[in-house]
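What follows is a set of notes on a single structure, which appears directly below.
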């Protein structure tokens, strides 16, 4: 009996020693192979933050390396993702936030003797009553931020392109905050009378600039990257999507003023364009600007619109050379020809611009470049400088891309015969 008891104790001791040894082995194996075991890695990642919160851990004791004071930037192994990152890095330094400030009334509490309106015989019953006050406008004002938008630097000496509706208030003050956090007072140099474009100027030199791309060859499905001051408070917000439509015509309205404007030939994208993004750049994968973010569909998800950058290039060149936006002028009123119009009017072709007057004036304005070139009412302008006039290339849009003083070649269909005419574009008269 005594021997049996000793044997049992010995067996238990041996068992405990074996278990202890296996535990040490497993611990060492686990530590050595943790990096190669996804389940261990997951658990360590999940556990780490709780180790710190318990108060007894430290970066060393929890298995995490202590911070060295500097971090290594993320390097993507995906070529598409790397291209997006590179595009954002290229353009972001030139993207700015625009703040809008106005003198707004200061509402004060003014003394108001409510009981003075009572008949004299009743006022004596309210003698010594507590004084009353009412909100009133004393004529005092204070400068207060009332809105914000975005823009981007197009010249090192401080020219900035944005939307006209961002800087539409003539009595407002505008400030520009650059990517490095500096604030500048901005002057509105020009507002385009025909497009939702405006150009600002800040007093600075050596500024980073964007690269203006080419919006003429955009493809459905190509990547589009929007950058802007989302909601007027989150500067350099980046969203990524695709070009989801081309040559759209939309009627946009400002939520604060209710003013409406029809914008033609715009790019549709599902890259999120939020309030405050207006005036910011729409980029391609090379980081070049292909559009100016301008509007969003408020009753849809991720449907935004941008003005093609090619439509802005003539305005930029005009400001750089003359200090103002000079809009080129041909001098015709017209109807866009499509299959239905061609059939109903018995026209020889189903595309182009049919020169025809209306209640606002004749088809060819007297003394205009078109009149001097020999364009006549009922002519159909087929092409401008070799570009076919059709549903995707409106005559007005094509002319807007030109400069004042430039010469254009017009192919005109007159009663079924093609005629080539040459016109020199003039500056659009005031009020037209």
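Values in this text are rule-based calculations from the coordinates and carry no lab data. Treat the numbers as computed from the prediction; the structure is a model and nothing was measured. Using ideal geometry, Cβ is built from the backbone for each residue, glycine included, and neighbour counts are taken over all protein chains shown.
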Test of understanding: what is the full-extension gain from residue 418 to residue 155, defined as 0.36 nm times their sequence separation minus their Cα-Cα distance? 90.4 nm
Write down the Kirkwood hydrodynamic radius of the stretch 162-290, to one decimal in angstroms, obtained as one divided by the mean of 1/r over all alpha carbon pairs. 15.9 Å
Average Cα contact separation per residue, the stretch 223-321, under 8 Å, 6 or more apart, as relative contact order %: 26 percent
Please report, to two decimal places, log10 I(q)/I(0) for the stretch 328-427 at q = 0.14, 0.15, 0.19, 0.21 Å⁻¹ as given by the Debye formula with identical point scatterers on the Cα atoms and no solvent. -0.45, -0.52, -0.86, -1.06
Quick one: if you stick a label point 7 Å off each Cα along the C-beta vector at residue 427 and residue 297, how many nm between them? 4.0 nm
With a 10 Å Cβ neighbour count serving as the proxy for reagent exposure, in which order, fewest first, do 393, 165 appear? 393, 165
Approximate spin-label separation residue 261-residue 406, in nm, with each point projected 7 Å along Cα-to-Cβ: 2.1 nm
P(r) of the stretch 223-321 over all Cα-Cα pairs, binned every 5 Å from zero, in whole percent: 3, 14, 24, 26, 19, 11, 3, 1, 0
Please arrange 162, 251, 237 by how many other C-beta atoms lie within 10 Å of their C-beta, fewest to most. 251, 237, 162
May I ask you to derive the FRET efficiency for residue 73 and residue 313 from their Cβ-Cβ distance with R0 = 45 Å, giving the value to the nearest 0.05? 0.85
When only Cα pairs under 8 Å and 6 or more residues apart are kept, what is the percent relative contact order across the stretch 190-253? 23 percent
Which order do 174, 74, 80, 351 fall in if you start with the one that has the fewest other Cβ atoms within 10 Å? 74, 80, 351, 174
Just grab the label-to-label distance for residue 222 and residue 189, each label 7 Å out from Cα along the Cβ direction, in nm (one decimal). 2.7 nm
